[in-house]
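Novice: Okay, handing you the structure first.
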Amino acid sequence: MPANTPNAKLRRLVLTALLLVAVGGIGAIIILGKGQEQARRSAGDPEPIAAMAKGGEAPATPAPGAKAADAKPADGAAASAATVAKDPNAPKLTARAPGQAVAKPAPIGSLDPAKARFQVTFAATGAGVERVVFSEYWRTAAEDRQARLHSKGGESAPALPAESQRYELAATQAGMAGPGGTAKAYSIPLMAARVVEVDGQQVDVYGAVWSETAPGAFVTEIVDPAGAVQLRITRRWVLEPGSFDLRVEQRAENAGSVARTVRWLQFGPCALNRDANELVDTRRFQAGYLMSPERDPAQATVIAHGATLNHADVVKQIEGGDWVLWPNAQQKEEKYGLSWFGSTNRYFALAVHAPYAPPTSDSRAIAPAVAVVEGQAGMVEHDGTQEPVVFTTAASQAVPIAPGTAAAFDIGVYAGPLDRALLTGTQPYSALNMQGLILYLMSGCCSWCTFSWLADFLVWFLGFLHNWVVFDWGLAIIVLVICVRAVLHPLTRRSQISMQRVTRQMAAIKPELDAIQKRHKGDAQKIQEETVRLYRERGVNPLGCAGGMLPTFLQMPIWIALYAVLYFAFELRQQPAFFGVFQNLGGWGFLADLSAQDRFIPLGTTINLYVIQLSSINLIPILMGVVFWLQQKYMAPAPTANMTPEQESQQKMMKWMMVILFPFMLYAAPSGLTLYIATSTLVGIFESRRIKAEVDKMDFTKPQPSKPGFLGNVMQQAMQRAADAQKQQARNAPAKKFRDR
């Protein structure tokens, strides 16, 4: 077809658009995600944090239901917690330690994996958790390997890595700009008690008002101005054996002579620390909830979708004056009941959940302990820049307590990995549907294109290959390539044959197309009619070459889903490729972690290139570029004599886009993904060579019945409509000329 015909322009436009979409699909994950994150960082400071008046430093968040001049809480949030009006004439109540205030609480748990999954260190402030240090998880793959070698023993066994290298969930270190521009930092213990509201009066229990009665057990007293004890508040943290769960037994005992109505306010799950290998912020807040009793009378089904908030969206919500994270207006209108609420980062979660423990308790509702969850933002330092961090306050329902009785506000706390096998096969997580904490989903601009259902299948299939077939994650990825290529081979073969047919047929009919152009010069309608007629007679589908891109585009969802799997799947965290063969060569870090860059040559420092942070020379993205170049050099169709200089230039540009742009965009991507793409492209070269040898034996010069296919039909219909429009315009021309007279 002549290069200046509308059909040729349409074909080039379609091919260019398809290729740009393919490039953008992967590039948006890294470039746009990173750009959005940098834009958020520079958008301005969040709402300042105020300090509470006494009992230590803590951010002050309006109590559930309280209104500020510039705040817009969700309608009815206060009612869900049954706020009790404060009696202005009631004597002021305060909290005090019944004995000596605890200064350095004793820890519970152990750093020995044989004894416990983690060790919990408590804070004196609010009887909360200072840090949860895991006994078997480490910050990097190098420390994890060193710890494994140490556990094997022997004379050559290395020393155990320093305890500072263990992975931990720690208190939030938030800050704000103080008077004169000075920075003021706050350490906010995890799940610390904050306020006990008695008959509408808020009593501050965040501070040095707790005594320790045993490791993990704390008590404080609420007294009137005369020093008489009105309420005794206890918190007891119980470590479940062999579990990542903590049972928090919270009691409010009425020691006075009058009935009281009590609400319990404590810090909830905060935004967790970001992973060292993160490219974008993937932190989220998620909730599991129950339908209303009218829709689910048994209250036995916990729903874990539709209640997920990205960290960045929560920051924007709080900055907009709406601090209520649960329940929002719709959740309150639908009468949903909260079962669990958690914060996640890339691989770990901190979540409060219902104290589900049959046969003593089979309730899946966390009420009355938590009814409203609110958030506030502070500032933390990450990679040398200040960025927002969110922490939450969980408020209970208002519970009446008669004299001499006690009310329970018990909760469970999960502090552990986002391990699919653990959360789906262990109680109480399975009953509470807490596997909903796991989302193989990229945040921000690429949420729609991650294909989470495909990611779920891929993580299962990769696990099957690893556990039952090849016993190595790197080999499992390579086997996945072969499986995908085998499934797509019939389509790949058909597409490549179609491309070759169109290319050769177009070259064969070019003289006739040129003749049509000369014979009907200036008559665009006739040229279109004759061109379509010629296509039909010779069985040519001008857009048939677009089908050659189809196998690549069918693999795009797999690439994106695999990116999410390698990025989020805990099973692949710090897993080496090829049985750790490179690590056996003097501890070389090459491909030591398939969820991170391959780190062929560590640089020892980080170079900020704005789009990516360059900390190592990565080999596989470079090899991927070489494979792309080989594919373009030996397999791409060569420029033909029918091509104009413009077409040749466009073809060269597309080749270099694949060779340079893809490796650059994926340079800091998980090495498992680049391994998949490079291997798939290499296999594709051999596959294409075999198909090309088969195509060379085919004869495309014989006329064949027209089989335009979908794209061909679309083009022919468009051309026919254009021709009909021109005919109608020609028929109307005499009448229009007569009217103009």
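Quick note: the coordinates plus some simple rules give every number you see, no bench work behind them. Quick caveat: nothing in here was measured; it's all calculated off a predicted structure. Positions of Cβ are backbone-derived with ideal geometry, glycine not excepted, and every protein chain shown enters the neighbour counts.
Novice: Calculate the spin-label point distance for Thr213 paired with Trp588, positioning each point 7 Å from the Cα along the beta-carbon direction, and give it in nanometres.
Specialist: In this crude spin-label approximation the distance works out to 6.0 nm.
Novice: I'd like the FRET efficiency for Ala300 and Lys692, computed as 1/(1 + (r/R0)^6) with the beta carbon distance as r and R0 of 60 Å, rounded to 0.05.
Specialist: E(calc), rounded to 0.05, equals 0.50.
Novice: Report the extension gain between Thr405 and Ile617 in nm, rounded to one decimal, defined as 0.36 nm multiplied by the number of residues separating them, less their alpha carbon distance.
Specialist: The Thr405-Ile617 span can extend by a further 69.7 nm.
Novice: With label points built 7 Å along Cα→Cβ from the Cα atoms of Ala486 and Phe464, find their separation and express it in nm.
Specialist: Placing both labels 7 Å along Cα→Cβ, they lie 1.2 nm apart.
Novice: Show me the three semi-axes of the equivalent ellipsoid for region 319-441, from the C-alpha gyration tensor (sqrt of 5 times each eigenvalue), largest first, rounded to whole Å.
Specialist: 27, 22, 14
Novice: I would also like to ask the following. Given C-alpha coordinates of region 262-305, what is the ratio Rg to Rh with the Kirkwood estimate of Rh?
Specialist: Rounded to two decimals, Rg/Rh equals 1.17.
Novice: Also: Can you tell me the length gained on complete extension of the stretch Glu512 to His150, counting 0.36 nm per residue apart and subtracting the Cα distance?
Specialist: 122.6 nm
Novice: Using 1/(1 + (r/R0)^6) with R0 = 30 angstrom and r between the beta carbons of Phe553 and Glu333, what's the FRET efficiency to the nearest 0.05?
Specialist: After rounding to 0.05, the efficiency reads 0.10.
Novice: Among the aspartates and glutamates, which fall within straight-line cross-link reach of Lys335, defined as a Cα-Cα distance under 12 Å, with same-chain neighbours fewer than 8 residues apart omitted?
Specialist: Here the aspartates and glutamates satisfying the reach criterion relative to Lys335 are Glu294, Asp296.
Novice: Estimate the FRET efficiency between Asp112 and Met653 by the formula 1/(1 + (r/R0)^6), using the beta-carbon distance for r and 56 Å for R0, to the nearest 0.05.
Specialist: Efficiency, rounded to the nearest 0.05: 0.40.
Novice: Within 10 Å of each residue's Cβ, count the other Cβ atoms and sort Leu439, Leu566, Leu111 from fewest upward.
Specialist: Exposure proxy ranking, most exposed first: Leu111, Leu439, Leu566.
Novice: Also: Given region 44-443 reduced to its alpha-carbon atoms as identical point scatterers, what log10 I(q)/I(0) does the Debye formula return at q = 0.09, 0.10, 0.12 Å⁻¹?
Specialist: -0.53, -0.66, -0.96
Novice: In whole angstrom, how long is each semi-axis of the equivalent ellipsoid of region 271-331, when you take the square root of 5 times every eigenvalue of its Cα gyration tensor and sort them from largest down?
Specialist: 28, 16, 7
Novice: What is the Cα convex hull volume of region 121-251 when expressed per residue in Å³?
Specialist: 172 Å³
Novice: Right, another one. Sorting Asp593, Asp724, Asp275, Asp410 on the 10 Å Cβ count, fewest up front, what's the list?
Specialist: Asp724, Asp410, Asp275, Asp593
Novice: What does region 228-293 give for Rg and for Dmax, in Å, if only its C-alpha atoms count?
Specialist: Spelled out, the Cα radius of gyration and Dmax of region 228-293 are 18.8, 58 Å.
Novice: Using a 7 Å offset from the Cα along the Cα-to-Cβ direction at both Ala103 and Leu609, what is the distance between the two label points in nm, to one decimal?
Specialist: So the label points at Ala103 and Leu609 sit 5.3 nm apart.
Novice: Could you give the length gained by full extension between Asp724 and Gln173, i.e. 0.36 nm per residue of separation minus their alpha carbon distance, to one decimal place?
Specialist: Fully extending the segment from Asp724 to Gln173 adds 191.3 nm.
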